[in-house]
Amino acid sequence: MLTVELIPDPEFGGFTARLPDIPAYGEGETEDEAIADLKVALRGYIEAFGLEEAMARSSSPIELRTLQWDLTELACG
């Protein structure tokens, strides 16, 4: 199982899909199009670096955290 991050583009519309641990990205007007494009990019990554490399990157432990940050305070300091 892979975790796919879907990032909407509020300025231009559409979506970017990416895998946190593998440098492969997909773009599309819809989430489904972005995911389909990501699959193509992932195939290219596997062809270039091998399935073992992709599996090793995707099976590394991931820790996600939600942080309560005030971005206005970060911008000032």
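The values are calculated or read from the model by the stated rules, or taken from the named source; none is laboratory data. Computed from a predicted model, the values in this text were never measured in an experiment. Cβ atoms come from the backbone with ideal geometry, glycine included; neighbour counts cover every protein chain shown.
Okay, here's what the table says:
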quantity: Number of the condition not met by PRO23 [criteria: (1) free of Cβ contacts under 8 Å to residues at least 12 places away in the same chain; (2) assigned to a strand (DSSP E or B)]; calculated: (1)
quantity: Residue match in the range 26-38 (condition: surrounded by fewer than 10 Cβ atoms within 10 Å (Cβ to Cβ) and not in a strand (DSSP E or B)); calculated: no
quantity: Residue in the range 59-76 that is hydrophobic (A, V, I, L, M, F, W, C), free of Cβ contacts under 8 Å to residues at least 40 places away in the same chain and either part of a strand (DSSP E or B) or surrounded by 11 or more Cβ atoms within 10 Å (Cβ to Cβ) (or both) present; calculated: no
quantity: Members of the range 47-77 found to be aliphatic (A, V, I, L, M) and modelled with pLDDT of 95 or more, listed by number; calculated: ALA48
quantity: Selection count where residues are aromatic (Phe, Trp, Tyr) and over 15 Å from the mean Cα position of the chain (by Cα), scope the range 1-58; calculated: 2
quantity: Any hit, the range 1-18, residues being among the hydroxyl-bearing types (Ser, Thr, Tyr), outside any strand (DSSP E or B) and surrounded by fewer than 18 Cβ atoms within 10 Å (Cβ to Cβ); calculated: yes
